[in-house]
Amino acid sequence: MRLLLSLLSVLSLCGVAAPALAQAGPPPLRVKVLLASDPYMDAAVRARHDAMLQSLSAGGPTGGWFELLPTGLDVAGFERCTISAQDTPSCARRLLSEQGVTGATVVVLAGGEAERASWICVGTGPRPTGPERQFIRFDLNAGLDPASPKRMETRAAAAGCITGAGAESGW
């Protein structure tokens with residue numbers, strides 16, 4: 001046992017053991033995610049919503065919960081859902097069904113800006129499995145500000161929105 005501890009000490013001093021130990025946690029969840037927003041949303045606000053989504057990615061600057069994969073879906077139809085008079089989540093579910101999408105696919109319908117942002121996370125199922133988690137209102141600024149005391153809470157709510165929709169998709 002002493003020999004193993006000595007070996008680990010030497011390896012960590014050499015920088016060899018650190019990468020191996022850092023990867024000891026569970027792998028991130030693989031999920032196809034499409035971010036759709038009101039087509040009239042300002043490009044800068046849209047970029048901030050995307051930055052929030054990317055902050056949840058394992059490849060993002062702060063690490064995260066997911067390995068975000070492309071969906072191959074056309075965003076235009078889902079953007080129309082955000083401004084239609086009908087029920088926004090039902091519109092997105094209908095489009096997913098019409099396109100035959102299955103598996104871990106999530107559409108994030110983003111709205112609002114600054115402290116009045118919102119996400120509706122929709123999966124491929126017929127209805128939400130966690131409606132209270134799949135619609136969130138949050139402060140986009142707090143979610144992106146590394147110094148904000150609400151940052152982790154905001155990111156956790158956003159991750160919960162996606163995992164709720166993932167559960168709807170049959171995870």
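The values are calculated or read from the model by the stated rules, or taken from the named source; none is laboratory data. Keep in mind it's a predicted model, so treat the numbers as computed, not measured. Don't worry about glycine lacking a Cβ; one is built from the backbone with ideal geometry, like all the others, and counts go over all protein chains shown. These accessible areas exclude ligands, DNA and RNA; they are computed on the full protein's heavy atoms, side chains included. Shrake-Rupley method; radii C 1.70, N 1.55, O 1.52, S 1.80 Å.
Computed values, structure above
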| read-out | value |
| --- | --- |
| Scattering profile of region 118-165 at q = 0.19, 0.24, 0.29 Å⁻¹ [log10 I(q)/I(0), Debye over alpha-carbon scatterers] | -0.56, -0.77, -0.97 |
| In order through region 87-97: 3J(HN,Hα) via Karplus (6.51 cos²θ - 1.76 cosθ + 1.60), integer Hz, x for Gly, Pro | 5, 4, x, 5, 4, 5, 4, 4, 4, 4, 5 |
| Ranking by accessible area, most exposed first, for PHE66, PHE135 with a 1.4 Å probe | PHE135, PHE66 |
| Cα shape, region 18-171, gyration tensor, a/c 1.5 rule | oblate |
| Separation between Cα centres of region 112-171 and region 31-56, rounded to whole Å | 12 Å |
| Label-point separation, ARG80 to ARG94 (7 Å along Cα→Cβ), nm | 1.0 nm |
| Förster radius 22 Å - calculated FRET efficiency between THR102 and GLU153 (Cβ-Cβ, nearest 0.05) | 0.10 |
